[in-house]
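The values are calculated or read from the model by the stated rules, or taken from the named source; none is laboratory data. All values derive from a computational prediction rather than experimental measurement. Quick reminder, even Gly has a Cβ in these numbers, built from the backbone with ideal geometry, and neighbours come from all protein chains shown. Quick note on the areas: whole protein, heavy atoms, side chains included, nothing else; ligands and nucleic acids left out. Shrake-Rupley method; radii C 1.70, N 1.55, O 1.52, S 1.80 Å.
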Amino acid sequence: MILSMTGFGDAVLEDGAFRYHLEIRSVNNRFFKLSTRLSEQFSFLESEVEKYLRQRITRGSVTVHCHVRSLSAEAAGELNIAAMGHYLSQLQQLAGDDPRITIDLATLTALPGVCQPRELTERQREAAWAIISGLLDSALDALISMRREEGRALAEDLSKHCAVIR
């Protein structure tokens, strides 16, 4: 059975507090090449995701993207007040007494180190992996099914061309 290297699979899960959407895309590549885009709080799972994928995919350029959206009030990251204060004092020094210059708090929170995701406990990390690995399974099943169907179509097309050549 010929497997195409092109495919797509996704999986969605909503567990009350979070909504997860994991997508896997693959295109032709002689070797296995992985690109992962996980949210910052789940970046610790990148090596686990790679090991997991290598068990079922041997070739292709594979992209994994996991969107995580919090559905609860806990969604807000933690503000690093010290870093924010340091930025603010520097900006106030730059602004001086010029009344035309304003400092926007929303812009301050976007500066590096000011708004950080909450640290996960070991239990939360294990729960996150259980969720992500389940999503990977579902998305991989869909991707491999698509690759199998595409491979079947390619084999059929090649057989037709061979028949014409004969």
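Couple of notes before you dig in:
- Checking every one of the trypsin sites (Lys or Arg not before Pro) in region 30-86 against DSSP loop status and a limit of 14 other Cβ atoms within 10 Å picks out Arg30, Arg56, Arg59.
- Within region 1-151, percent of DSSP bridges classed antiparallel, to nearest 5: 75 percent
- Treating r as the C-beta distance of Phe31 and Ala83 and R0 as 45 Å, the FRET efficiency rounds to 0.60.
- Gain in span if fully extended, His21 to Ala130, counting 0.36 nm per residue against the direct Cα distance: 37.8 nm
- Calculated [222 nm] ellipticity per residue, helices only, for the chain: -15000 deg cm²/dmol; basis is -39500 (n - 2.57) per DSSP H run with n ≥ 4, divided by all residues, nearest 500.
- This structure gives semi-axes √(5λ) of the Cα gyration tensor in Å, computed directly, and of (1) 45, 17, 15; (2) 46, 20, 13; (3) 29, 19, 13 that value is listed as (2).
- Debye, to nearest 20: dipole size of region 19-97, +1 on Lys, Arg Cβ, -1 on Asp, Glu Cβ: 820 debye
- The length gained on full extension between Leu120 and Thr102, counted as 0.36 nm times the residue separation minus their Cα-Cα distance, comes to 2.9 nm.
- Rolling a 1.4 angstrom probe over the chain with all protein chains present gives an accessible area of which 53% lies on carbon and sulfur atoms.
- Net length available on complete extension from Arg148 to Gln55 is 31.8 nm, with 0.36 nm assigned per residue and the Cα-Cα distance removed.
- Surface per residue (accessible, 1.4 Å probe) for the chain, Å²: 67 Å²
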